[in-house]
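A short write-up of the structure that comes next.
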Amino acid sequence: MQKAVAYVRVSTAKQGKSGLGMDAQLAAIQHFAQAEGFSVVEVFTEVETGKGSDALSKRPQLRNALDKARVMQCPVIVAKLDRLSRDVAFIAGLMVERVPFIVAELGKDADPFMLHIWAAMAEKERRMISERTKVALAAAKARGVVLGGNRGGPAPDHAKGTAAIQAKAAAFKGHVGPIIADLHAKGLSLRAIATELMDMGIKTSRGRETWTAAAVKRCLDPDQNAACA
């Protein structure tokens, strides 16, 4: 078997502690390695937000993976291209390192040229999603909706009862739901959508910074009245 090292990246410290997203990446890498005859000798895990932090100097575990692969003269395997970056310039910089990268979802025959093409497509898609999100958030703000819950205002009046709470949750869901539906229509998993929302800085209806797959699912379900929290 040909040796390889694996690189896994999650986007928040909480994800790193809980393993959210990490297990799925490792499973994809291991499945690919077994199918293609690779033996993964070491796994490098990074907890890094991805918000303008694509410089290799801010990814110490990726640097370690590169150094290990260079010494062993083997490739670095990642589950998906976005676990490296959606930034074309960053991908180009990695190619200069002269260490082969294999993206499990693209197959072992995807050469550097194809990685550049896929990165360019991902970068454009991210810009489009960002623009649509800004428009949606601006429209919601114009209608007086405060995304992310109370945001330091006065404590909610619990005397208003369950109906008021459900109405607030429904209003939040009505404005954030289309954003989530758009990401879901593009084929993103619930966990991937949760990561996108956190990267965009969108808080849950209860003001939490961390989204879960379950919260995303509640926002997608037309019959679910629970808050997207």
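The values are calculated or read from the model by the stated rules, or taken from the named source; none is laboratory data. No experiment lies behind these values; they were computed from the predicted model shown. Counting neighbours? That spans all protein chains shown, and the Cβs are built from the backbone with ideal geometry, glycine included. Surface accessibility is based on the protein's heavy atoms, side chains included, excluding ligands, DNA and RNA. Shrake-Rupley method; radii C 1.70, N 1.55, O 1.52, S 1.80 Å.
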| task | Using the structure shown, decide if Arg132 is at pLDDT 70 or above, of a type in the set (Lys, Arg) and buried (at least 18 other Cβ atoms within 10 Å of the Cβ). | result | no
Looking across segment 211-229 at residues that are open to solvent by less than 20 Å² (accessible area, probe 1.4 Å) and modelled with pLDDT of 70 or more, the single one that is farthest from Arg191 (Cα to Cα) is Cys219
Within segment 69-98, the residues that are crowded, with 18+ Cβ neighbours inside 10 Å and farther than 30 Å from Ile193 by Cα are Ala69, Cys74
